[in-house]
1. Tell me, Kirkwood radius of the range 10-132 from alpha-carbon pair distances, in Å?
2. In vacuo Debye scattering of the range 63-137, one point per C-alpha: log10 I(q)/I(0) at q = 0.14, 0.19, 0.21, 0.26 Å⁻¹?
3. If the only charges are +1 at each Lys and Arg Cβ and -1 at each Asp and Glu Cβ, what is the size of the charge dipole of the range 215-350 around the Cα centre, to the nearest 20 debye?
4. For a quick check: sort Val296, Val106 by the number of other beta carbons within 10 angstrom, fewest at the front.
5. Using a cut-off of 15 Å between beta-carbons, work out the net charge of the residues near Ser291 (Lys and Arg +1, Asp and Glu -1, Ser291 not included).
6. Thinking of the range 215-350 as a set of Cα atoms, what percent of all their pairs are more than 26 Å apart?
Amino acid sequence: MATLAPPQPLLRSLTAGFHANWQSYALIAAINTGIALVLWTDDVRPFWHPLVTVQIYGFCIAFCVNASAPWDRTSPILRLVGACALGAVIGVILVIIVKDYSIDYVRARLMFFWSNLFAAWVMGLLVSLMFYVKARETRAAAVLMKAEAERHLLSKQAIEAELKLMQAQVEPHFLFNTLASVQFLTETDPPKASQLLAHLTDYLRAALPQLRASSTTLGKEADLAEAYLSILKMRIGPRLKFSMEIPPQLRTHPFPPNLLISIVENAIKHGIEPAADGGTVTVSARHDDDSVIIAVVDTGRGLTSDGRTAGQGVGLSNVRERLAALYGPRARFALEPVAPRGARAELRLPYQAPMV
């Protein structure tokens, strides 16, 4: 009699859950360890307790997301929701088994386990959504730049080189730190945790509409930058102030996706965060003849002798490369010091009159 073999698609999916390089495993472990350190601040037990719990949750969710491979399939968001939920359920079961909790202990602290399961699901879903947003934005930008290069009759080799140079740099560290802050505030200050989650929701709400578009508007980019700055303001506190000065008539002006947020991130990373007293970030835009000028001014540390002085960081290099591919010599990017302290990053793009 023939034996029944498991369905091949299921086996392939389960096997695919383990397909990742060692850097991915190391990154997941590092993120989990960081979250465990945050949780340990309010845990009287030895550090290995939150460490084991968070590592189990994190790797279970990562496995399920990797196995479901939602990135290139229909209904990716629903797949992400289901994969993260399944990973969280598997995680709580493994935690109970690994830590050898008795049935009576689980029953007595049932609400605690339910809250842990929900928190793990939310955190896993938000991280997965962020990677999904970044991946789709990178693909949209690559398609846009390739089309522009072809329009200028560049050679195939030049196009491929340009696309490699302009690949978006995924900098999700602020998201991981935000999620860790949410986890901590959930136990220490629930109202602030709710407020921080609201800002994070605003950020994702501003980013998700760009997934299906190769271009966006200045208003949408400004909303994305404002949500990002609101998140950081809760983390940094009074050290960070910001203002958005975008005229209503310029909010519908076409704008390259995620270009403004890259400049704002640079101002935070190299200007505000290194300064002991922080500073203010001001994002403004104005119409000047045949150009639109967008400026990001910070009153932080200012320009130093590192790569920021010449504006040669990876993020700013990508800004210049994207501008060159999209607009050629019609667009410019400049980074200069501001007195008495700070820096001014300025984008000058060709003005496109609104269609009547």
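No lab work stands behind these numbers, since they all come straight from the coordinates. In this text, all values refer to a predicted model and were calculated from it rather than measured experimentally. Cβ: placed from backbone, ideal geometry, glycine included. Neighbour counts: every protein chain shown.
1. Numbers: mean 1/r = 0.0664 Å⁻¹.
For the range 10-132, inverting the mean 1/r across all distinct Cα pairs yields 15.1 Å.
2. Result of the Debye calculation: -0.50, -0.77, -0.87, -1.14.
3. Rounded to the nearest 20 debye, it is 180 debye.
4. Details: Val296 24, Val106 13.
With the fewest neighbours first, Val296, Val106 line up as Val106, Val296.
5. Numbers: positive: Arg286, Arg330, Arg332, Arg348; negative: Asp288, Asp289, Asp290, Glu346.
The answer is 0.
6. Every Cα pair in the range 215-350 considered, those over 26 Å come to 18 percent.
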